[in-house]
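Written below as structure tokens is the structure these notes are about.
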Amino acid sequence: MDKFIAACSAAQDADLMLCESNGVAYQRDMSAGRVPYDADYLAKCLAYEDSPIAKAVNAGRCALLMRHLPDGASVLDVGAGSGAFVRAAASWGFDACGFDVIPDAVKQLRADGVYAEDLSVFDAVALWDSIEHMEDPSRPLREIRKGSFLFVSVPVFADLRDIRSSKHYRPGEHLFYWTSQGFINWASLYGFRLLEQSTHETDAGRDSIGAFAFCKDLKK
């Protein structure tokens, strides 16, 4: 559990804890109904890979990187899944690698020679659709070195009380929920300065997904 979120004043709402003044909510029991990250989960990722929306999303993500990183910068995709973004980023000239916890995904990334684990050695780290799945979402933020960049896509809510009516309400899979400003403020607690908030995910047809580019200015 993140120390800053744990310290927030929270109101229990059934299975959720709402920290409305901080723009964040989380699953009260992190162990309840946990979704296994296994071959079946990877198969769902693979099913999306060739869709027009997925291709547009990855193009938008690569363009976001291009606006903030130098040519040939090293990028680690945390939660790489099928590896679609790693391949897309490589085609745009980035030195791209991937990390995942799904055994079959790890096997394929290793076979492709692009598996990596150490966030601190990369110029940038991408957390596309992954940070909301983590019991301690601060862990990757703490591992990124000062001067590196962070790129994130995450479901965002105008009102945390609307979480249950959203397609992004997934108990046991999505453990954290943010407003856009809540996410920006939370990331700043770990030394991250917002560079850009992009609409490329929603422009591609996704529902209520915020995309962000940050630079880590402080070591925290």
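The values are calculated or read from the model by the stated rules, or taken from the named source; none is laboratory data. Since we're looking at a predicted model, the values are computed, not measured. In this analysis, Cβ positions are derived from the backbone assuming ideal geometry, glycine residues included, and neighbour counts consider all displayed protein chains. The accessibility values were calculated without ligands, DNA or RNA, using every heavy atom of the protein model including side chains. Shrake-Rupley method; radii C 1.70, N 1.55, O 1.52, S 1.80 Å.
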Report summary line: Computed over the chain, the relative contact order (Cα-Cα under 8 Å, seq sep at least six) in percent reads 22
Requested in this report: For residue 125, list long-range residues whose amide hydrogen, built 1.01 Å from N in the peptide plane, is under 5 Å from its own amide hydrogen.
Outcome: 76, 149, 150, 151
Report summary line: Rh (Kirkwood, all Cα-Cα pairs) for the stretch 62-186, Å, reads 15.3
Report summary line: In terms of the charge dipole of the chain, which places +1 on Lys and Arg and -1 on Asp and Glu at the beta carbon, the residue among 168, 153, 111 farthest towards the positive end is 153
Query - Dipole-positive endmost among 80, 69, 12 within the chain (Cβ charges, Cα centre) - result: 69
Requested in this report: Evaluate the Kirkwood expression for the hydrodynamic radius of the chain, namely the inverse of the mean inverse distance over all pairs of different C-alpha atoms, and round to one decimal in Å.
Outcome: 17.6
Query raised in the report: In the chain, how many lysine pairs have Cα atoms under 16 Å apart, counting only pairs 8 or more places apart or on different chains?
Result: 6
**Report entry** Highest-first arrangement of 13-25, 122-134, 154-166, 69-81, where packing means the average Cβ count within 10 Å
**Finding:** 122-134, 69-81, 13-25, 154-166
Requested in this report: Could you order peptides 107-114, 189-196 by the average number of other Cβ atoms within 10 Å of their residues, highest first?
Outcome: 189-196, 107-114
Query raised in the report: If you place +1 on the Cβ of every Lys and Arg and -1 on the Cβ of every Asp and Glu, how big does the dipole about the Cα centre of the chain come out, in debye to the nearest 20?
Result: 460
Report summary line: Protection proxy (average C-beta count within 10 Å per residue), highest first, orders 204-210, 37-43 as 204-210, 37-43
Query - Per residue solvent-accessible surface (Å²) - the stretch 17-87, probe of 1.4 Å - result: 47
Query raised in the report: Dimensions of the stretch 81-136 along principal axes (Cα, Å, largest first)?
Result: 32, 25, 19
Report task. Please figure out what share of the DSSP beta bridges in the chain is antiparallel and state it in percent, rounded to the nearest 5. Result -> 60
Requested in this report: Taking the Cα atoms of the stretch 137-190, report the difference between the largest and smallest coordinate on each principal axis, in whole Å and largest first.
Outcome: 38, 22, 15
Requested in this report: Quantify, in whole percent, the carbon and sulfur part of the accessible surface of the chain (1.4 Å probe; protein heavy atoms only).
Outcome: 51
**Report entry** Mean accessible surface per residue for the stretch 115-220, computed with a 1.4 Å probe while every protein chain stays in place, in Å²
**Finding:** 40
Query raised in the report: So what is the 222 nm mean residue ellipticity for the chain from helices alone, if each DSSP H run of at least 4 adds -39500 (n - 2.57) and you divide by all residues, rounding to the nearest 500 deg cm²/dmol?
Result: -8000 deg cm²/dmol
Query raised in the report: Looking only at Cα atoms, what is the convex hull volume of the stretch 18-85 per residue, in Å³?
Result: 159
